[in-house]
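What follows is a short report on a single structure.
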Amino acid sequence: MCLDLAQTLAAPDLALSLPPEGDDLSDPPPLPSEVLDGLDLDSWQAALGHPTLVADGNTPQPGNTPLVKVKHDATTRLYLRRYWQYEQDIRQQITARLTDAPDPCGSAAPLRDGADRRPDYSLTPDPRGSAAPLRDGAGRHPDDTTAIAQALNALFPTSHTLDWQKLACALAARSHFAVITGGPGTGKTTTVVKLLALLQTLALSESERPLRILLAAPTGKAAARLNESIAGQVENLELDQLVQLWERSSLRDEKDTDTPASTQLESSTPWERNSLRDEGIDPLRQAIPTEVTTLHRLLGSRPDTRHFRHHAGNPLPLDVLVIDEASMVDIEMMAAVLSALPPKARLILLGDKDQLASVEAGAVLGDLCQRAEGGHYTPTTCQWLERITGTPIPSDYQEPNGQPLDQAIAMLRVSHRFDASSGIGQLAQAVNQPLAREHSTKNKKRAVRKTFEQRYADIAHLNLADAEDPALDRLVVEGNPTGFLNQGKGRQHRGNELAPPTGYRHYLEVLKQQRPPAGSDLEQHRDEYDQWALAVLDAHNRFQLLCALRRGPWGVEGLNLRIAKALRRQGLIAASDHELEHGWYLGRPVLVTRNDYGLGLMNGDIGITLAQPHPQDPARSVLRVAFPTANADKPIKWVLPSRLQAVETVFAMTVHKSQGSEFTHTALLLPDAPNPILTRELAYTGITRAKHWFTLVESGRGILNEAVTREVLRVSGLGVIK
């Protein structure tokens with residue numbers, strides 16, 4: 001997003017890593033260290049004094065120069081103007097939401113959206129971290145902890161230890177801006193579903209009008225995953241106690257106001273209470289959305305332009321926006337989202353701060369969460385949280401001078417997917433540990449090595465002799481079960497035995513074995529073909545090979561062809577060399593690389609090429625690409641291959657493209673030599689795509705060790721919002 005001049009001079013090849021993804025150029029450009037050799041900080045800063053080229057971003061009106069410099073501590077940050085303006089817009093929008101001033105009575109100002117006046121249930125912090133009390137519908141001001149505390153107690157079981165999910169809901173309920181971050185399996189989706197139930201309970205109790213809530217994700221794949229997980233969470237959410245809170249409020253408002261609500265509830269007949277409860281559960285559950293869209297579709301992309309239909313002059317019609325996989329949102333998109341939000345709308349960001357940032361400029365979530373590990377909650381915030389949650393905040397997470405941004409960020413710290421017996425979890429933790437005085441490069445490498453030496457049941461390490469080693473072909477075809485303890489047999493997960501790790505053979509066999517009978521009439525057997533496609537897509541999700549690079553012998557472009565040929569040798573696919581390289585064939589998996597609004601396909605969507613009977617001649621078959629949808633009535637979108645203009649074969653996928661995805665067995669292939677793109681964040685992201693099985697593939701010794709000791713340099717002004 002910008003250059004820190006001192007940091008760039010200290011490590012030019014890391015700060016300006018080129019070529020980025022394994023480009024094998026015959027005439028490579030000189031390394032950044034060669035270009036900057038002999039340049040010192042004072043000389044560079046002096047050269048940036050030309051007023052027609054570089055403006056001073058520390059002044060109120062920095063002009064219209066193409067570059068903007070901002071002095072910060074002992075160095076200078078240099079921006080392209082467009083990215084400097086995006087950062088300023090984001091800072092202003094978040095600051096306004098964090099410091100939204102309470103009204104003179106001490107309650108949060110009501111949410112306004114045109115003529116639609118709706119109460120705002122946030123307890124907005126002032127710049128010092130204090131909170132305004134919750135306003136009740138008739139202007140009454142009950143104890144500021146009561147309403148939220150009762151709802152949280154209905155959503156979370158009683159605990160004498162700090163429940164980070166409960167804390168996250170409490171913090172998010174009092175602010176117009178909130179971030180919930182955490183690693184895989186820490187319960188981000190569970191938390192946000194309970195948060196939305198909390199907000200809707202308060203809203204429905206107040207006005208019987210639900211909040212307008214929308215859910216979004218950066219890519220179609222991430223949106224589909226959230227759609228699936230959140231639907232299950234909402235369906236299984238226990239709402240009885242929340243509905244009882246709603247009933248008491250409704251009875252208080254609708255019956256004799258001189259009679260206490262508790263007396264009214266007790267005096268009503270059992271039939272009346274059950275009727276209220278039956279009527280209440282469905283509206284409350286229905287008020288929690290389960291459909292997820294992409295950010296581009298949410299904002300209304302306009303073809304061949306950077307602009308959207310929704311902006312400050314035409315804001316989104318919503319009260320709450322939740323963005324999942326926020327680590328993938330670049331600075332330009334985040335600025336567009338914030339600009340399109342109504343001033344009093346809530347924005348809730350979900351994501352893993354340690355994952356790779358967006359391929360585009362900016363690492364917004366990572367920048368905002370720079371201090372998330374330490375909490376940094378002020379005494380006022382800690383006292384409020386203790387009253388709300390019933391448990392004290394450990395002193396390690398308190399700071400008298402905590403920043404306003406700190407008070408809106410919650411980090412989930414307990415993984416429910418990876419426990420102490422999980423090698424995937426232990427490896428991810430060892431890789432993700434930031435370098436520090438007490439955790440040196442040597443210590444970090446030792447921790448990673450010991451994880452593999454422990455022989456956990458869910459991780460394997462495959463060493464290749466060279467790029468032509470047939471062991472790689474065996475891995476992608478069979479899944480390398482012999483690399484795991486007991487060949488992957490006998491592992492339990494939540495009381496059920498897991499199937500051993502697989503390769504691509506599995507989905508291709510499902511494709512053949514479950515295919516509807518040849519010659520079937522498509523119209524009469526459409527459901528059978530949809531179910532077949534769903535089974536194949538589910539089976540394909542059982543294994544995925546991830547790579548760091550796009551080009552070269554260890555990049556996805558060459559590996560996709562190699563894997564296709566290996567599968568053909570096993571008789572699993574049938575295609576000519578030309579079809580493998582440039583055509584379509586039965587079983588080809590494809591990844592959408594650009595949003596296609598005409599087809600309703602988003603960047604990141606994965607489909608499988610299958611065969612359907614020809615509509616006019618069932619004896620003939622035609623290829624169609626099957627993509628999953630979120631529509632239960634039409635679970636599969638069937639697309640003619642000729643209509644797909646931006647797709648690529650996806651036997652191998654870059655780690656960047658895998659974000660927002662999860663695979664039963666993930667194999668991470670690292671190149672045979674160090675590369676600037678190999679970082680801690682890339683390794684961590686690749687490892688955490690694995691749900692039950694993970695295989696590390698190396699040909700060069702110690703490449704993972706090189707990667708985990710190199711960190712992405714994040715340079716922006718978003719880390720400290722005052």
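The values are calculated or read from the model by the stated rules, or taken from the named source; none is laboratory data. Since the model is a prediction, treat every value here as computed from it, not as a measurement. Positions of Cβ are generated from backbone atoms using ideal geometry, with glycine treated the same way; all protein chains shown enter the neighbour counts. All accessible areas refer to the heavy atoms of the entire protein, side chains included, with ligands and DNA or RNA removed. Shrake-Rupley method; radii C 1.70, N 1.55, O 1.52, S 1.80 Å.
Here is how the numbers come out for the structure above:
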| read-out | value |
| --- | --- |
| For the range 284-404: accessible area per residue (Å², 1.4 Å) | 38 Å² |
| Carbon + sulfur, % of accessible area of the range 359-502 - ligands and nucleic acids excluded, 1.4 Å | 46 percent |
| Residue-normalised accessible area of the range 625-722, expressed per residue, 1.4 Å probe, Å² | 32 Å² |
| Mean Cβ count within 10 Å, highest first, over the residues of peptides 5-11, 319-325, 381-387 | 319-325, 381-387, 5-11 |
| Solvent accessible area, Å² - HIS307, 1.4 Å probe, full protein context | 120 Å² |
| Restraint check, LYS194/LYS657; LYS221/LYS512; LYS353/LYS442, Cα-Cα greater than 27 Å | LYS194/LYS657 |
| Whole-Hz couplings from phi, Karplus 6.51/-1.76/1.60, listed for the range 543-556; x for Gly and Pro | 8, 8, 8, 10, 10, 7, 10, 9, 10, x, x, 10, x, 5 |
| For peptides 283-290, 327-334, 626-633, sequence by mean Cβ density within 10 Å, most packed first | 327-334, 283-290, 626-633 |
| For SER576, solvent-accessible area (1.4 Å; no DNA, RNA or ligand), Å² | 50 Å² |
| Shape call, the range 590-722: gyration tensor on alpha carbons, a/c limit 1.5 | prolate |
| Accessible surface of the range 537-649, 1.4 Å probe, proportion on carbon and sulfur as whole % | 45 percent |
